[in-house]
1. Under 5 Å between amide hydrogens, which residues at least 5 positions from THR96 or on another chain qualify, with H placed 1.01 Å from N in the peptide plane?
2. Quick one: length gained pulling SER109 to LYS200 fully straight, 0.36 nm per residue minus the C-alpha distance?
3. What length, rounded to one decimal in nm, is gained on full extension from LYS89 through to ASN61, with 0.36 nm per residue of separation minus their alpha-carbon distance?
4. Under the Kirkwood approximation applied to all pairs of distinct alpha-carbon atoms, what is the hydrodynamic radius of the range 157-222 in Å?
5. Quick one: grab the alpha carbon gyration tensor of the range 171-262, order the square roots of its eigenvalues as a ≥ b ≥ c, and give me rounded if a/c is under 1.5, else prolate or oblate depending on whether a/b is larger than b/c.
6. Please list, or write none, the lysines whose alpha carbon is within less than 21 Å of the alpha carbon of LYS248, excluding same-chain residues fewer than 8 places away.
7. Can you list the residues, at least 5 places off or on another chain, whose amide H is less than 5 Å from the amide H of GLU69, using H built in the peptide plane?
8. Can you give the extra length, in nm with one decimal, that the chain gains between ASN236 and TYR36 once fully stretched, where that is 0.36 nm per residue apart less the Cα-Cα distance?
Amino acid sequence: MQKTSLILTILLITCHTFSFGQNQIISLDSQYISKYVEHFTINENGLKGKGYRLLEEKTKNSQFFVLGEYHGSSQISKLTEALVPMLAKNNYTVATFEIGPNSANKLTSLTVAKENIVEQLHTFYSNYYYEDFDNISIPFFDAVEDAKFLNAFSKHHFKIWGCDQEYYNSTLFLGDMILEKSKNRKDILEISKAWNEAKKEIITLYRKDIDEDIQLFEEIQKDEKYVAFTNYFDENDTTAFQILNDMKESWAIYTNYRKSHKDRVKLIRRNFLEQYLIHEQTPTLNISSKLAVYMQVKKTCHLVIMT
């Protein structure tokens, strides 16, 4: 039986209280924090303990539930899976993740057949995996534990939202997605040939980036084969054009991330609000978010404060 501490939510609310309620500065050492910690356990029957009861009480009266994480932690994925029934019981219907909107759409399509989600994810990742540059097309869902929590969300009919940029290694599957969305066009054979030629060049550039640390996305956008592929689309091709724009915006964020995270913060805010405003009239629009710890504290802390 694994014991997990309920610290993060309480800590954020405590920080908010003292930041705005008093002038006194509180030292958040382990002795101080321990007074506000409750524990719960996770086993095959779900979550138990006083910490769980407190968490459920807070969740019941909230619209937003934000789970901070350390990327790549299988324990966080197990916790997420265990939390899903409680979230569903309290009318949560949306799960947001630190991925792009098109990646979220892809995950949604992979969860249609709920009994085969693990196999579907394995096939997807295998189709786009290249050992020599060790790529993952969509982050945070490539382990069995991740597939299980995604399966839990799917079984409870959660919508999946992506609020971040498209991932560094998402280019190849997004190109294939554009091709799929264009399958009814009369010139689909020409488009398919153009994409296959562009894809070869893109793979070459990804490999070159490993050895030489090039400006990868600038090189892709200058590549003649890639430009020839993109020239088949304009604003009349709504979905394909949007995916291309999302890729371009995401690439700019990766190119400039060492200078500033401002553009990424703006994108996360915009992606979330666009989806929220579309659905805000839904009677029970309760949203759970799974984000990196630093992103939760610095960028979405206000969602927790609203509880």
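Throughout, read-outs are computed from the coordinates displayed, never taken from laboratory work. All values reported here derive from a predicted model rather than from experimental measurement. Because the Cβ atoms are built from the backbone with ideal geometry, glycine has one as well, and the counts that use them run over all protein chains shown.
1. Residues meeting the amide H criterion: TRP161, SER288, SER289, LYS290.
2. Additional length available on full extension: 30.2 nm.
3. On the way: separation 28, 0.36 × 28 = 10.08 nm, distance 1.23 nm.
Computed gain between LYS89 and ASN61 is 8.9 nm.
4. Working: mean 1/r = 0.0727 Å⁻¹.
In the range 157-222 this quantity evaluates to 13.8 Å.
5. Details: a/c = 2.64, a/b = 1.49, b/c = 1.77.
Oblate is the answer for the range 171-262, as a/c is 1.5 or above yet b/c matches or exceeds a/b.
6. Within the straight-line limit of under 21 Å, LYS248 reaches these lysines: LYS106, LYS181, LYS199, LYS200, LYS208, LYS222, LYS225, LYS259, LYS262, LYS266.
7. Correct list: LEU291, ALA292, VAL293.
8. Full extension from ASN236 to TYR36 adds 66.4 nm.
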